[in-house]
1. By per-residue mean of other Cβ atoms within 10 Å, what is the highest-first order of 173-181, 27-35?
2. Whole Å is fine, so just give me how far the alpha carbon centre of region 1-62 lies from that of region 128-174.
3. By how many nm would the segment from residue 10 to residue 140 grow when fully extended, if each residue of separation counts as 0.36 nm and the alpha-carbon distance is taken off?
4. Along the Cα→Cβ direction, 7 angstrom out, place labels at residue 161 and residue 57. What is the inter-label distance in nm?
5. Which whole-number percent is the relative contact order of the chain (Cα, under 8 Å, 6+ apart)?
6. In whole Å and largest first, what semi-axes does the C-alpha gyration tensor of region 120-164 yield when each eigenvalue is scaled by 5 and square-rooted?
7. Each residue of region 53-67 in order: what ³J(HN,Hα) in whole Hz does its phi give by Karplus 6.51 cos²θ - 1.76 cosθ + 1.60, θ = phi - 60°, with x for Gly and Pro?
8. In the chain, how does Rg compare with the Kirkwood Rh, expressed as the Rg/Rh ratio over alpha carbon atoms?
Amino acid sequence: MLLYLAASGHSLYAKSVYIYLQQMQTLQEQHPEVFSAFSAGYHVLRRSDRFWAGLSTDLVIEQTLMRSMKSVGGLTHGRGMGDSQRTQWLLSRPACADMNSAVQEVTGSENTTSAQHAESSQSRMKRDDEDMRSLLNFLLSRDPFACDETLRSISTGVTADQIVNSYRAKEVGYTILEFMKDNAVKDYTFRRKSK
């Protein structure tokens, strides 16, 4: 995946994954207790005791931190975006979450839902079936496996120019990662000509 992120120009994702992979390679030596927990299957976060409640850390960040950042009172609505404002807002999040939980507990207004997974409801299964039939009809009317040597959009039929090199994504990504090697991530800059 890292190769394709680099080749497609997603520089921040590529840098983040690069650092993450380096940290994961040394996890057993650097943090043996975390490595043991991960190896035992404790690599998801649970915000409730429901069976289906396990979420990956990136989803929890998206659902909590990013949502609160974009809501009223968050950073993007009426607050400054300077370093001190961002730092103060970010560091106050754990305290705000604790207060929110305490108020919900005292008032008895905790958000609880059914233990049944949302995907297993009749209405969701019906909608999934309709979506699947719609996709099948779409693909039947446009053959994605036609023996055509050009790269083209299935939905519009537009054909890509000769400069498009998506078929070389793995090779391009590998070349970019070779340039990143032995450089500090903060100092490395992705160049458009590398894509």
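1. On the way: 173-181: 15.2, 27-35: 11.4.
Highest mean packing first, the order is 173-181, 27-35.
2. When both Cα centres are located, 30 Å separates them.
3. Values: separation 130, 0.36 × 130 = 46.80 nm, distance 3.29 nm.
Full extension from residue 10 to residue 140 adds 43.5 nm.
4. 4.1 nm
5. Details: 102 pairs, mean separation 61.7, N = 195.
Relative contact order for the chain comes out at 32 percent.
6. Numbers: eigenvalues 205, 24, 11 Å².
Calculated on Cα positions only, the semi-axes equal 32, 11, 7 Å.
7. Calculated HN-Hα couplings, in order: 7, x, 10, 6, 4, 5, 5, 5, 4, 4, 6, 9, 4, 5, 5 Hz.
8. Numbers: Rg = 23.1 Å, Rh = 22.3 Å.
Result: Rg/Rh = 1.04.
We did not get these values from a lab; they are worked out from the coordinates using the rules stated. Just so it is clear, the structure is predicted and the values come from calculations on it, not from any experiment. In this analysis, Cβ positions are derived from the backbone assuming ideal geometry, glycine residues included, and neighbour counts consider all displayed protein chains.
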